[in-house]
Amino acid sequence: KNKKVTVLGLGVSGLASAKLLFAAGAKVTVWDELEKERLFSRISQLPDGVKVICGEPIDISGANLIVASPGIPPDLQPILLAEEKKIPVISELELGYQYLSGQKVIALTGTNGKTTTVSLIGKILSGRPVKVCGNIGKPLCEVIPDTLEKDIICLEVSSFQLEKIIEFRPDIAIFLNFAPDHLDRYSRIEDYIKAKARIFENQKKEDAMVLNADDYVVVNLGRRGKAKPYFFSKKQVLQEGIFTRGEYIVARFKGKEERIIKTDDFQLKGEHNIENVLCAILCGIVAEIDIDIIVEEVRNFKPLPHRIEEIAVISSVRFINDSKATNVAAVIAALVSFNKPIILIAGGKDKGEDYSTLIPYLKEKCKALILFGEAADIIGSMVREVIGVSKVSDLAQAVNLAYALAETDDIVLLSPACSSFDQFTSYKERGEVFKREVMKMKERLHGKEFNHIHSS
């Protein structure tokens, strides 16, 4: 109360932070690098009394606290100045956590599959009062005003959010998997790993870690944690934990083994989703949810949009929207999910990854590669020796060219391997544009009879 707090960034996190701080009696200033005209809808949601500075430098010297939104890079001048002047800098995640009053916190990080897995965990916990929030789209600070003491907070957390924590401590910390990503933000892969690992930093021995036993980075980080480890695996039979054996997911604890569910008995398809389901089941067991409830929720859980989402079948050609695949590892997971020839549409804003790691999968799975966006030439330069590459200016051209190249039973897959911020505001907008272009083409070819749509 009455403290001067500067919020950097006016995205959803910054907006939620500013509202929470103002309601608590802080003197709030919000800064964003964009001009006010471009942020009008966000600014209009702020309470009267919040000072807004947009599109110009900000003087943070009088602030008592800085709250940095996830999209704000750690080397931004106001943050460097705050650290020099010993002004505390925290993330929106840390701000929200400090407003909690003893609620159980489950937090999940990882490179791919976070949103699907945390959504499934939320369903598994739905018999109890649970709030699913964080990087999934609803910031923690946004749910704080309506949070009750009995609520469970189930969070998806990113490396960006974990960079600036101080006290944040999950009762159950989950590390789903690790792959190189965000190399446009982190100069070294070790910095990305270090940021992710902070999810375990404040845990104590009475807390729990849910870890992917197949990922050596995750296992090594878990060894340094103080909390009790629980493991899941789709590649090995574990002495204790959750794993796959044949067509079953199996649990083994204290020498007792139990078949949980068949791997083809849920709607999430693909090897990567088996990993997601294993993780969610294990989290449910650690949280002491009845196994029958866990199985029922896993069985009924539907795939989320923009994640290997079938949009339409046009003349025996399947169109798949995987716009959420914003790194190379996610694209590989999509490619290995299909056993028909693939025409891959990729590109967007480059994040500094090595696209040559796609080469064996392009050779085995793809018949053509269509590239768009800022990263098109970079990707093409790394892979064009093994696959025919076409460059287009936008998704409309990509969809039409893909259909022209496709033959019966082929798959047209949008799986970009890049962020969306060159041409779109988010992976969701990119996915929606792809859907719209596919349906426009379907209408041109077949009139308005959408008999084969399988959109989720």
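The set of residues in the range 254-264 that are open to solvent by less than 50 Å² (accessible area, probe 1.4 Å) and not in a loop (DSSP other than H, G, I, E, B) comprises ILE260, ILE261. No other residue among GLY347, GLY380 is free of Cβ contacts under 8 Å to residues at least 12 places away in the same chain and either surrounded by 15 or more Cβ atoms within 10 Å (Cβ to Cβ) or more than 24 Å from LYS442 (Cβ to Cβ) (or both) apart from GLY380. Taking the numbered list (1) at pLDDT below 95; (2) assigned to a helix (DSSP H, G or I) in turn, GLN267 passes all entries but (2).
Might you check whether a residue that is more than 30 Å from ARG188 (Cβ to Cβ), at pLDDT 95 or above and charged (D, E, K, R) occurs anywhere in the range 312-329? Yes, that holds for at least one residue. Residue pairs whose Cβ atoms lie under 7 Å apart, sitting 6 or more positions apart in sequence or on different chains, and linking a residue in the range 67-90 that is over 17 Å from VAL30 (Cα atoms) to a partner that is open to solvent by less than 80 Å² (accessible area, probe 1.4 Å) and not in a loop (DSSP other than H, G, I, E, B), are GLU83/VAL89.
For the range 53-66, a residue qualifies if it is in contact (Cβ under 8 Å) with a residue 40 or more places away in the chain and among the β-branched types (Val, Ile, Thr), and the qualifying residues are ILE58, ILE60, ILE66. Evaluation of ARG245 against the conditions (1) among the basic types (Lys, Arg); (2) modelled with pLDDT under 95; (3) closer than 17 Å to ALA213 by Cβ shows that the sole unmet condition is (2).
Looking only at residues of the range 353-377 that are open to solvent by 40 Å² or more (accessible area, probe 1.4 Å) and among the acidic types (Asp, Glu), we find that the one that is modelled with the lowest pLDDT is ASP354.
Note on the range 127-178: among residues that are touching a Pro at 6+ places or on another chain (Cβ under 7 Å), open to solvent by less than 50 Å² (accessible area, probe 1.4 Å) and not aromatic (Phe, Trp, Tyr), the one that is farthest from GLN98 (Cα to Cα) is SER158.
Considering VAL210, VAL217, which residue is aliphatic (A, V, I, L, M) and over 30 Å from LYS349 (Cα atoms)? Talk me through it step by step, then tell me what you get.
Numbers: VAL217 fails: over 30 Å from LYS349 (Cα atoms).
When all the criteria are applied, what remains is VAL210.
Scanning the range 368-384 for residues that are under 14 Å from SER419 (Cα atoms) and assigned to a strand (DSSP E or B) returns LEU371, PHE372. Figure legend. Inter-residue proximity from the range 222-234: first residues touching a residue at least 40 places away in the same chain (Cβ under 8 Å) and over 29 Å from GLY270 (Cα atoms), second residues assigned to a loop (DSSP other than H, G, I, E, B) and open to solvent by 50 Å² or more (accessible area, probe 1.4 Å), beta-carbon distance below 7 Å, spacing 6+ or different chains. Indicated pairs: ALA227/LYS204; ALA227/LYS205.
Of everything in the range 385-394 that's touching a residue at least 12 places away in the same chain (Cβ under 8 Å) and within 24 Å of THR357 (Cα to Cα), which residue is surrounded by the fewest Cβ atoms within 10 Å (Cβ to Cβ)? Reasoning before the result, please.
Our first condition is that a residue be touching a residue at least 12 places away in the same chain (Cβ under 8 Å); within the range 385-394, this holds for 386-394.
Okay, now just the ones that are also within 24 Å of THR357 (Cα to Cα), so 386-392.
Working: VAL386: 15, ILE387: 17, GLY388: 12, VAL389: 19, SER390: 18, LYS391: 17, VAL392: 19.
For the range 385-394, the residue satisfying everything is GLY388.
Taken as a whole, the range 319-341 holds no residue that is part of a helix (DSSP H, G or I) and over 27 Å from HIS182 (Cα atoms). Apart from one condition, LYS3 fits all of (1) in contact (Cβ under 8 Å) with a residue 60 or more places away in the chain; (2) charged (D, E, K, R); (3) under 22 Å from GLY134 (Cα atoms); the exception is (3).
Evaluating ASP181 against the criteria (1) out of contact with any strand residue (DSSP E or B) (no Cβ under 8 Å at 6 or more places or on another chain); (2) open to solvent by 10 Å² or more (accessible area, probe 1.4 Å) leaves one unmet condition, (2).
Here ARG430 meets each of (1) of a type in the set (Lys, Arg); (2) surrounded by fewer than 22 Cβ atoms within 10 Å (Cβ to Cβ); (3) in contact (Cβ under 8 Å) with a residue 24 or more places away in the chain with one exception, condition (2).
The values are calculated or read from the model by the stated rules, or taken from the named source; none is laboratory data. These figures come from a predicted structure and were not determined experimentally. For neighbour counting, all protein chains shown are included, and Cβ atoms are generated from backbone atoms with ideal geometry for every residue, glycine included. Accessible surface areas use protein heavy atoms only, side chains included; no ligands, DNA or RNA. Shrake-Rupley method; radii C 1.70, N 1.55, O 1.52, S 1.80 Å.
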